[in-house]
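I have placed the structure first, in the form of structure tokens, so that the comments after it can refer back to it.
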Amino acid sequence: MKTAVVYFSWSGNTRFAAETIAKKAGADIFEIKAETPYSSDFGKCCDEAKPECQGKLLRPIKSIEGLDLAKYDAVFVGTPNWWGTMAPPVRTWVTQSKDALKGKTVCLFQTHGGGGMQRVGKDFAEVIGDAAKVLPPKAFSGSAIKSSVAALEAFVSERTAK
Ligand SMILES: Cc1cc2nc3c(=O)[nH]c(=O)nc-3n(C[C@H](O)[C@H](O)[C@H](O)COP(=O)(O)O)c2cc1C
């Protein structure tokens, strides 16, 4: 079983989760980047992201160097919870990759600031549709992510168990 981890992260929490998951799963890891980065100021980033998240807009992303989904059986997809849904660059990537994910096992993880899963898993499943086998998503506290290594590893074990 060959696994990839594909993620977007603004302030590093989802990156830490993605790296921990990739290490445990023996997976290749790839980062989604917005074509135009969001402001590094939290308030400005929130203002910029709000209409995109609420309007389910597809913010343009850079193409991910070296990622050929055909090589993988399973893909973990990571996003921060932004305005209750996935970050727009993740929505863009999933939308663009939907056909390439056909027949694969796909599992979402997210980090949040206290809201938990909100609509993230549901919105993700809606974009993917029936193309892939979608496993139950999991939410992790962003502020506690560095002390959540065991929980992240357990998540990988549970989702990859035969
Ligand atoms: C634009 C923006 C919107 C956010 N919206 C939410 C939200 O609706 N619910 C929530 O629990 N956390 C929200 N957060 C907090 C992030 O989900 C949390 O800090 C996450 O761990 C950040 O991941 P990152 O470090 O990978 O960017 C938001 C953060 C940002 C920057």
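Numbers for the structure displayed
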quantity	calculated
Positions within the stretch 44-54 being of a type outside the set (D, E, K, R) and either near the ligand (Cβ under 9 Å from one of its atoms) or not in a helix (DSSP H, G or I) (or both), in sequence order	CYS45, CYS46, ALA49, CYS53
Enumeration of residues in the stretch 74-101 that are among the aromatic types (Phe, Trp, Tyr) and away from the ligand (no atom under 11 Å from the Cβ)	PHE76, TRP93
Hits in the stretch 19-48 - residues which are of a type in the set (A, V, I, L, M) and closer than 30 Å to GLU158 by Cβ	ILE21, ALA22, ALA25, ALA27, ILE29, ILE32
In the stretch 103-162, residue farthest from the ligand (Cβ to nearest atom) [restricted to those that are more than 24 Å from MET1 (Cα to Cα) and among the hydroxyl-bearing types (Ser, Thr, Tyr)]	SER147
First in the stretch 107-123 and at positive phi, second anywhere and part of a loop (DSSP other than H, G, I, E, B), Cβ under 7 Å, 6 or more apart	GLN118/GLY84
Residue in the stretch 55-73 that is under 23 Å from GLY116 (Cβ atoms), within 11 Å of the ligand (Cβ to nearest atom) and not aliphatic (A, V, I, L, M) present	no
Test set (1) assigned to a helix (DSSP H, G or I); (2) farther than 18 Å from VAL127 by Cβ - GLU65 fails condition number	(1)
Residue count for the stretch 1-32, restricted to those that are more than 16 Å from the ligand (Cβ to nearest atom), crowded, with 19+ Cβ neighbours inside 10 Å and among the hydrophobic types (A, V, I, L, M, F, W, C)	3
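Since every read-out is calculated from the coordinates, none of them should be taken as a lab result. Not measured: the values here are computed from a predicted model. All Cβ positions, even for glycine, are placed from backbone atoms using ideal geometry, and neighbour counts span all protein chains on display.
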